[in-house]
1. Go through (1) modelled with pLDDT under 95; (2) more than 18 Å from the chain's Cα centre (by Cα); (3) assigned to a loop (DSSP other than H, G, I, E, B) for Asn151 and report which single condition fails.
2. All but one of (1) open to solvent by less than 60 Å² (accessible area, probe 1.4 Å); (2) touching a helix residue (DSSP H, G or I) at 6+ places or on another chain (Cβ under 6 Å); (3) modelled with pLDDT of 95 or more hold for Gly160; state the number of the condition that does not hold.
3. Taking Asp215, is it surrounded by 13 or more Cβ atoms within 10 Å (Cβ to Cβ), under 30 Å from Glu21 (Cα atoms) and modelled with pLDDT under 95?
4. Does the range 169-187 contain any residue that is at pLDDT 95 or above, open to solvent by less than 40 Å² (accessible area, probe 1.4 Å) and on the phi > 0 side of the Ramachandran plot?
5. Before we move on, is Thr198 farther than 29 Å from Asn78 by Cα and in contact with a Pro (Cβ under 9 Å, 6 or more places away or on another chain)?
6. Please specify each residue of the range 131-157 satisfying the condition of being at positive phi and surrounded by fewer than 14 Cβ atoms within 10 Å (Cβ to Cβ).
7. Counting only residues that are within 21 Å of the chain's Cα centre (by Cα) and of a type in the set (A, V, I, L, M), which one in the range 154-178 is nearest to Arg130 (Cα to Cα)?
Amino acid sequence: MSVHTDVKRLTIPQLQAMKGEQKIVSLTSYTAPFARILDEVCDFILIGDSTAMVGYDMPDTLSITVDMMANHAKAVVNATQRSAVVVDMPFGSFQESPEAAFRHAAKMLQISGADSVKLEGGVVLADTTRFLVDRGIPVLAHVGLMPQYFNTMGGFKAQGLSDEAAERIYEDALAQEAAGAWGIVIEGTAEPLARRITDAVKIPTIGIGASPDCDGQVLVAEDIFNLTHGRIPKFAQQFSDVAAAIREGATAYADSVRDGSFPTLNHCFGVKK
């Protein structure tokens with residue numbers, strides 16, 4: 001006999017049902033301490049392949065691997081109870097074929113316990129999205145500015161600024177919806193295009209440098225907490241200065257060690273009072 005337990009974590013269908021009812025809130029995380037805090041406020045936490053740049057100081061997102069992403073996602077899952085957890089499929093793990101994508105996505109979810117994968121690509125990757133969804137793997141699509149296309153796009157540049165480019169991205173979004181994606185991240189696109197996609201599709205759109213009219217928003221947490229050395233993208237905003245708090249605490253600790261006020265005997269073992 002199976003044992004039924006109360007499920008606290010938001011599900012993918014629950015996120016889908018928020019379209020038109022409530023804005024969806026998401027931030028990135030790749031460590032347990034961050035995730036534990038974000039779990040209190042986010043509807044889903046994204047382990048983005050931005051982990052490569054933010055967590056490892058790599059120049060782009062292309063070098064991070066499935067195993068690295070899966071282990072970061074596992075840390076986030078272990079530290080959270082409420083937020084759904086979505087993990088990026090890294091470059092090279094899904095583009096070859098639907099079958100290869102399934103093997104890597106299944107491994108990702110098995111290791112991490114995440115609720116969904118996210119993959120970059122539009123019309124070209126629609127068959128892959130359908131292949132995964134038909135086999136029980138929820139997919140959050142990603143169109144517009146796609147960091148894994150860094151080399152072919154010529155860098156991190158806003159997309160959809162011409163009529164031709166906008167139409168291509170629009171068709172990408174429609175193709176991913178038709179393929180069964182539960183939502184679409186729209187990154188770095190012209191605002192009217194993101195609004196048009198949001199109005200056209202029945203699934204949630206998650207904006208990042210897109211439009212206030214998107215059904216939700218996602219940002220890299222380090223960007224809004226001033227943990228990226230002052231390099232805040234145009235589409236982000238600093239909401240708190242965590243760097244200053246860490247610097248203050250680290251300085252106080254260093255001063256205490258150097259002046260001999262820390263540690264005291266109260267911090268030691270085997271000391272008789």
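The values are calculated or read from the model by the stated rules, or taken from the named source; none is laboratory data. As the structure is a prediction and not an experimental result, all values here were calculated from the model. No Cβ is skipped: glycine too gets one built from the backbone with ideal geometry, and neighbour counts run over all protein chains shown. Quick note on the areas: whole protein, heavy atoms, side chains included, nothing else; ligands and nucleic acids left out. Shrake-Rupley method; radii C 1.70, N 1.55, O 1.52, S 1.80 Å.
1. (3) is the only condition that Asn151 fails.
2. For Gly160, the failing item is (3).
3. no
4. yes
5. Working: farther than 29 Å from Asn78 by Cα: yes; in contact with a Pro (Cβ under 9 Å, 6 or more places away or on another chain): yes.
Taking the combined requirement at face value, the residue satisfies it.
6. Gly136, Gly154, Gly155
7. Taking the range 154-178 first, the residues within 21 Å of the chain's Cα centre (by Cα) are 155-159, 169, 172-173, 176-177.
Within this subset, residues satisfying the condition of being of a type in the set (A, V, I, L, M) are 158, 169, 173.
Numbers: Ala158: 28, Ile169: 18, Ala173: 14 Å.
Among those residues, the one meeting the criterion is Ala173.
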